[in-house]
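The values are calculated or read from the model by the stated rules, or taken from the named source; none is laboratory data. Everything quoted here is computed from the prediction, not taken from an experiment. Please note: Cβ atoms are built from the backbone with ideal geometry, for glycine as well, and neighbour counts cover all protein chains shown. Each accessible area value is taken on the protein alone, full model and side chains, heavy atoms only, with ligands, DNA and RNA left out. Shrake-Rupley method; radii C 1.70, N 1.55, O 1.52, S 1.80 Å.
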Amino acid sequence: MRAILLGPPGAGKGTHAVGISEHYNIPHISTGDLFRENVSQETPLGLEAKSYMDKGELVPDDLVIRLVQDRLTKPDAQEGFLLDGFPRTIPQAEALWNFCEDNDIQLDAVIDLEAPYDLIEKRIVGRRSCPKCGKIYNIYFQPPKEDGICDIDGAELVQRNDDNEETIRTRFNVYKEETEPLIDYYKNKNILETFDSTKPIDEVQEAVYERFS
Ligand code: AP5
Ligand code: MG
């Protein structure tokens, strides 16, 4: 399967990507995670991306497009992939569409996760993640067994730099302006499938597996 996860910040893209990529045995490619890795390793790309990410703005299209095209040519992505957080502008979507056409790749599905602002704000404020294994928690909805500690490897959980109330509003506005138009873009390509992401995690995932069985 070659699929894209679409949805506002906090909709659950990263959360569902873990289960979906395991279920279909495809790599999970998150542009946000790739940028955060570059930021923590202080690469030139990371240093450039950080200023945009901290403000909740989008990293310029050309940087993101190059990063994803490079990732999609890696051996593990040849039989399928799950993109999380890309594309999120019309130029990114067009670059991906052209890349796929040029390389004889067919996009199978865009999994559009819908959730209202009030809920995603609470989800983002409560999000914590493991710096070691990447597992995502939530102090309100998915707390770890022991406060602040990863259930899997015992690492201390961290909060993302951009997970504060001020930046969340900017990220949401950027989503509305730049990314939401992709819903119509992919509807017109007949590959958009919408899911109610206010439901419990297991229910959303079951609905996805049923739709693409
Ligand atoms: P990115 O990392 O992609 O962030 P985002 O789009 O803002 O999305 P999030 O990761 O915040 O939300 P999510 O949908 O993954 O939610 P999650 O599953 O964690 O991008 C960060 C930045 O990088 C951007 O702002 C930009 O600067 C840059 N960037 C990245 N890609 C780019 C691109 N293509 N172009 C330009 N710039 C780019 O869930 C959130 C919380 O909710 C968790 O705590 C989770 O436990 C909880 N939760 C999820 N689902 C449920 C549920 N069903 N029930 C209860 N709790 C739930
Ligand atoms: Mg995410």
Of all GluC sites (Glu not before Pro) in the range 40-73, the ones in DSSP coil with at most 16 other Cβ atoms within 10 Å are GLU42, GLU57
Among DSSP bridges having both ends in the chain, what percentage is antiparallel? Round to the nearest 5. 25 percent
Once normalised by the length of the chain, the mean sequence separation of its alpha carbon contacts under 8 Å that are 6 or more apart gives a contact order in percent of 29 percent
Go from 0 up to the bin containing the longest alpha carbon distance in the range 1-115, width 5 Å each, and give me the % of pairs per bin. 2, 11, 22, 25, 21, 13, 5, 0
Just need the relative contact order of the range 118-183 here, percent rounded to a whole number, with Cα pairs under 8 Å and 6+ apart. 30 percent
Compactness summary of the chain: radius of gyration and Dmax from Cα atoms, Å, are 16.5, 49
Length added when fully stretched, GLU166-THR194, from 0.36 nm per residue minus Cα-Cα: 7.3 nm
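Place a +1 charge on the Cβ of each Lys and Arg in the chain and a -1 charge on the Cβ of each Asp and Glu, then give the dipole magnitude about the Cα centre in debye, rounded to the nearest 20. Provide the component values of the computation, followed by the final result.
On the way: 24 positive and 41 negative charges, 52 e Å.
Computed about the Cα centre, the dipole is about 260 debye.
So what is the 222 nm mean residue ellipticity for the chain from helices alone, if each DSSP H run of at least 4 adds -39500 (n - 2.57) and you divide by all residues, rounding to the nearest 500 deg cm²/dmol? Please list the in-between numbers first.
Working: 9 runs with 96 residues, N = 213.
So the helix-based figure for the chain works out to -13500 deg cm²/dmol.
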Grab the eigenvalues of the alpha-carbon gyration tensor for the range 158-211, scale each by 5, take roots, and send me the semi-axes largest first in whole angstrom. 25, 20, 8
Given H placed 1.01 Å from N in the peptide plane, which residues other than close sequence neighbours of ASP112 have an amide H under 5 Å from its amide H? LEU6, GLU193, THR194, PHE195
Within the range 95-128, list the residues whose amide N lies under 12 Å from a label point set 7 Å along Cα→Cβ of TYR209. none
Skip the ligands, DNA and RNA, and give the accessible area per residue of the chain with a 1.4 Å probe, whole Å². 53 Å²
Chain lengthening between ASN98 and ALA155 when straightened (0.36 nm per residue, less Cα-Cα): 16.4 nm
Can you pull the one-decimal nm distance between simple spin-label points at GLN142 and GLU22, each 7 Å off the Cα toward Cβ? 1.1 nm
For the range 109-201, Rg(Cα) over 2.2 N^0.38 Å is 1.27
On full extension of the chain, what length is gained from ASP54 through ASP118, given 0.36 nm per residue of separation minus the C-alpha to C-alpha distance? 20.9 nm
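Would you mind telling me the share, in percent, of accessible area of the chain contributed by carbon and sulfur at probe 1.4 angstrom? Don't skip to the end; give the middle numbers.
Numbers: 5080 of 11260 Å².
Percent of accessible area from carbon and sulfur atoms in the chain: 45.
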